[in-house]
1. Hey, can you grab everything whose amide H is under 5 Å from the amide H of residue 257? Only 5+ residues off in sequence or another chain; H modelled, so Pro and N-termini drop out.
2. To one decimal place, what Kirkwood hydrodynamic radius in Å is obtained for region 274-330 from all pairs of distinct Cα atoms?
3. Using amide H atoms built 1.01 Å from N in the peptide plane, name the residues 5+ places from residue 95, or on other chains, whose amide H lies under 5 Å from its own.
4. Of the listed pairs 306/355; 74/277; 2/74; 223/328; 306/328, which have alpha-carbon separations greater than 30 Å here?
5. Based on the Cβ-Cβ distance of residue 370 and residue 282, what FRET efficiency does E = 1/(1 + (r/R0)^6) give at R0 = 56 Å, to the nearest 0.05?
6. On average, how much area does the Cα convex hull of the chain cover when viewed from any direction, in nm²?
7. Work out, step by step, the length gained on full extension between residue 336 and residue 258: first 0.36 nm times the residue separation, then minus their alpha carbon distance; give nm to one decimal.
8. Could you check the simple spin-label distance between residue 189 and residue 231, using points 7 Å along Cα→Cβ, in nm with one decimal?
Amino acid sequence: MKKIAILGSTGSIGTQTLEVVRGNPELRVAALAAASSVEKMERQIREFRPAVAAMWTEDAARDLRARVADLDVKVTVGMEGLLEIAVLPESQVLVTAIVGMIGIGPTIAAIRAGKDIALANKETLVTAGHIIMPLARECGVSILPVDSEHSAIFQSLNGEPAERIEKILLTASGGPFRGYGKEQLKGVQVEDALKHPNWAMGRKITIDSSTMVNKGLEVMEAKWLFGTPLERIQVVVHPQSIIHSAVQYVDGAVMAQLGMPDMKLPIQYALFYPDRKPMQGKRVDLFQLGQLTFEKPDMDTFEGLKLAYRAAEAGGSMPTVYNAANEKAVALFLDRKIKYLQIPELIGEAMERHKVIPDPGVEDILSAEQQTYEYIAGRIDCK
């Protein structure tokens, strides 16, 4: 029996993790955490009976306590609650599906407590990879990628050492605007950007996929996860989303992981690694597919990807600024306060004005995030 704790249980990855639990009686849920979706959390508690549940705000926690007063569950609140769940003695794996840099502290706490990490929180490695990966090695815990592309790389490596990697081929669907030029992107509306051709994801990550910022964040993650220099990480646009990523080795061999676009596969693989368990779902039919195609990414049109490489090359606190500026810009776009092409524009502006901190601690990272939020908010208020 393996017990897991999930941070972000009511979001897209969290709910799909619980679907995996439903299909595998060997898994038990020890704890759940969410931001503010009290009704969803109540339903999850009643079904999975965790020992601890956390909500981000006191109001949400108070509401939840009243709703589940008949059950034996401890309801906690805020960062204190997340940290309690992270180190819960009865859980072995922490699934970090929470959005934002609030995932960094609980991840560090869980690693120090000897928990393996099923990582779905991009910000953790993008902004603090220089802290997380050495700590995981020191504590002897595994960082198991849940993201489909990084899971594919992890599976394609299958224990091969980093020095045998010649190149990582990180695939991208191209999103809903593949093939567009900048003129065509000028009139993009929120509804257009939320229509991903292959994947069902949360709103923020769907926008990130459309701008290719999501791929930029994945490049930074891959650098830390697999110890691979940036110049050996190549983004390849693959519209069918069947090859989820690949590794080219020093002898020229290319190992790839193929599968239908279904996040439950990498989630289940992370939870049971190194085992593979049966899973229901549609299978790849190569005869029906007929062909798989590949294209170079257009970094001039989709500047978010170009800026990601620039942020990663600068290192230190710059990836934090890239991530925070994008987070704020996407929220403003979803609220219809800025235009689509202003997303990469604002990221670039925030990066230009930032003075890099070479080896930032957690407080430096959080400070850079807050300063970037304030800068973006000030820029928009001035317009």
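1. Result for residue 257 returns 244, 245.
2. 15.4 Å
3. 5, 6, 7, 118
4. Cα-Cα > 30 Å for 74/277; rest within.
5. 0.80
6. 19.0 nm²
7. 24.4 nm
8. 4.6 nm
A short reminder: the numbers here are calculations on the coordinates, not readings from a lab. Please read all numbers here as calculations on a predicted model, not as lab measurements. Note that each Cβ is placed from the backbone with ideal geometry, even for glycine, and that neighbours are counted across all protein chains shown.
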